[in-house]
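Down below is the structure, laid out as structure tokens.
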Amino acid sequence: MITSTLSQLFWYKVISPNFAKAIDFALTTNLASLETGRHDIDGDNVFAIVNEYTTKPAEECDPESHRDYADIQIMITGVEQFGYTPLEANAPTTPYDEERDVAFYTIPGDEISYIRLTPGRFIIFFPTDIHQPEVFHIQPELVKKLVLKVAVNSGSPVVPPSKTS
């Protein structure tokens, strides 16, 4: 998981060509003018989804992870909190849905760290990160957010290397 301001997003173009395409889109597009829905950048390799919704209490938001895509989430308007915890010690409570590239989890509240995102800030979640979107900060509010979906895998789950003694 990585978080910073949009002025620092360019640094992460070196991760992969797909990340470079996604970041170029984010940095050269008037994000406020984007309509909700999907925006193709490079087919299923890189695409954007613009969402508008009202944030809600953490208890109503399911932690999730992805296998095939990293998320670059950018706040356009509003404030949202994101829960985060590493994937490695947690098992999904619902089976991985290959078509939607998502698995859901039940994580005790004391095992999740929260990060607040405001307009002009971004957060990147990799397949090794469980994240909990849509959580309100102080009270529920309408947010507009860009989610850049960046292909990182060929369909297999990310497995961290095992530690050797």
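Taken over the range 2-14, the criterion of being surrounded by 13 or more Cβ atoms within 10 Å (Cβ to Cβ) and within 16 Å of the chain's Cα centre (by Cα) is satisfied by Ile2, Thr3, Ser4, Leu6, Leu9, Tyr12.
State all residues of the range 75-112 that are within 18 Å of Lys144 (Cα to Cα) and touching a helix residue (DSSP H, G or I) at 6+ places or on another chain (Cβ under 6 Å); if no residue qualifies, say none. Within the range 75-112, Ile76 is the sole residue that qualifies.
Filtered by the rule that a residue be at pLDDT 50 or above and among the small types (Gly, Ala, Ser), the range 140-163 gives Ala151, Ser154.
Give Ile115, Ile41 a once-over and let me know the one that is among the hydrophobic types (A, V, I, L, M, F, W, C) and touching a Gly at 6+ places or on another chain (Cβ under 9 Å).
Just one listed residue meets the conditions, Ile115.
Residues that are surrounded by 15 or more Cβ atoms within 10 Å (Cβ to Cβ) and under 22 Å from Glu64 (Cβ atoms) within the range 17-38 comprise Asn18, Phe19, Ala22, Ala26, listed in sequence order.
The values are calculated or read from the model by the stated rules, or taken from the named source; none is laboratory data. Values in this document were obtained by computation on a predicted structure and should not be read as measured data. Neighbour counts run over all protein chains shown; Cβ positions are idealised from the backbone, glycine included.
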